[in-house]
Amino acid sequence: MELTFLGSANAFAAEGRYWSSFIVDGKYQFDAPPTLLPHLKQLGVSLPDIEVIFITHQHGDHFVGLPFLMLDYVYISKRTKDLTIVGPPGCEAWLEDFAERVYPNILSGSNYKRIYVEAEPGREQQAADITFQAYKMSHVSESGGPGAFGYRVRIGDKTVAYTGDTMFCEEAVKLGEGADVYVVDCTYSDGCGPEHMGLDDVKIIRKRLPPETAIILTHRNGLPNVNGLNNTLIAEDLKTFRF
């Protein structure tokens, strides 16, 4: 498994780093920040080869880049095969509406089908050729909104899990169970909360998961000290990890 971070920072682009997201094996994209398109191109990713995009929640640093990818699919890379987009309940309506507001008629001019899969915690789901499970996370949500979701995804013979944005909760531990690689919100280099996890939370998760599960810290405001934390890595912009 090859996992490359497009960015590693929080919504404030801490330390001049870009918004957190990553791609696995050049096919499975996790979140779509504003810099999605230029970073995919810097990395040399073949855009039509992206099969699934996982969107964790409705905050802008996690989905605003999607219309620019859709624009490229119409005018530059000429996508024709289906694209699967996984997201919170109601994701099709708000993502399609947002894309049309950014570039009117961009969807009607496309030659590919967008297949939306709504997260349904508690059961195994299918997205293109892979299976996944969604977990409801504990993050800020607007009144009546769908909230935030983490995903555990089986890709080939490996399993990758991703919290998205969350405070510490039992689901954040359960999500990492059985994962080979676990990408974790570590917004705070010291302490924890509010609204996100920090290094204190990571220490709890590290103790409760088996040592062979690699934990990668992302969405960070600074550089957490991981000395003494077994198999715990730190995401960096455009950095690739191989497992």
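Key figures
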| item | result |
| --- | --- |
| Failed item in (1) buried (at least 18 other Cβ atoms within 10 Å of the Cβ); (2) aliphatic (A, V, I, L, M); (3) outside any helix (DSSP H, G or I), with VAL202 passing the rest | (3) |
| Criterion: of a type in the set (Asp, Glu), modelled with pLDDT under 95 and either assigned to a loop (DSSP other than H, G, I, E, B) or on the phi > 0 side of the Ramachandran plot (or both) - qualifying residue of GLU195, GLU212 | GLU195 |
| Any hit, the stretch 150-157, residues being over 21 Å from LYS136 (Cβ atoms) and exposed (fewer than 15 other Cβ atoms within 10 Å of the Cβ) | yes |
| Residues that are in contact (Cβ under 8 Å) with a residue 40 or more places away in the chain and either in contact with a strand residue (DSSP E or B) (Cβ under 6 Å, 6 or more places away or on another chain) or farther than 16 Å from PHE168 by Cβ (or both), drawn from the stretch 219-233 | HIS219, ASN221, GLY222 |
| Count of the stretch 105-164 residues which are among the hydroxyl-bearing types (Ser, Thr, Tyr), in contact with a Lys or Arg (Cβ under 7 Å, 6 or more places away or on another chain) and not in a loop (DSSP other than H, G, I, E, B) | 3 |
| Scan of the stretch 61-90 for residues that are among the charged types (D, E, K, R) and either in a helix (DSSP H, G or I) or at pLDDT below 95 (or both), ordered by number | ASP61, ASP72 |
| Matching residues in the stretch 18-36 - criterion: being in contact with a Gly (Cβ under 6 Å, 6 or more places away or on another chain) and either farther than 21 Å from ALA128 by Cβ or assigned to a helix (DSSP H, G or I) (or both) | TYR18, TRP19, SER20, PRO33, PRO34, LEU36 |
| Answer from ALA172, ALA93, ALA99 - the residue that is modelled with pLDDT of 95 or more, assigned to a helix (DSSP H, G or I), among the hydrophobic types (A, V, I, L, M, F, W, C) and loosely packed, with under 15 Cβ neighbours inside 10 Å | ALA93 |
| Residues being closer than 17 Å to PHE132 by Cα and out of contact with any His (no Cβ under 9 Å at 6 or more places or on another chain) - total across the stretch 37-59 | 5 |
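For every residue, the table says whether it meets (1) buried (at least 24 other Cβ atoms within 10 Å of the Cβ); (2) closer than 19 Å to PRO104 by Cα; (3) in contact with an Asp or Glu (Cβ under 9 Å, 6 or more places away or on another chain); (4) not hydroxyl-bearing (Ser, Thr, Tyr).
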| position | (1), (2), (3), (4) |
| --- | --- |
| GLU2 | no, no, yes, yes |
| GLU15 | no, no, no, yes |
| SER20 | yes, no, yes, no |
| GLY44 | no, no, no, yes |
| LEU47 | no, no, yes, yes |
| LEU69 | no, yes, no, yes |
| ILE76 | no, yes, no, yes |
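The values are calculated or read from the model by the stated rules, or taken from the named source; none is laboratory data. Since the model is a prediction, treat every value here as computed from it, not as a measurement. Every residue, glycine among them, receives a Cβ derived from its backbone with ideal geometry; neighbour counts consider all protein chains shown.
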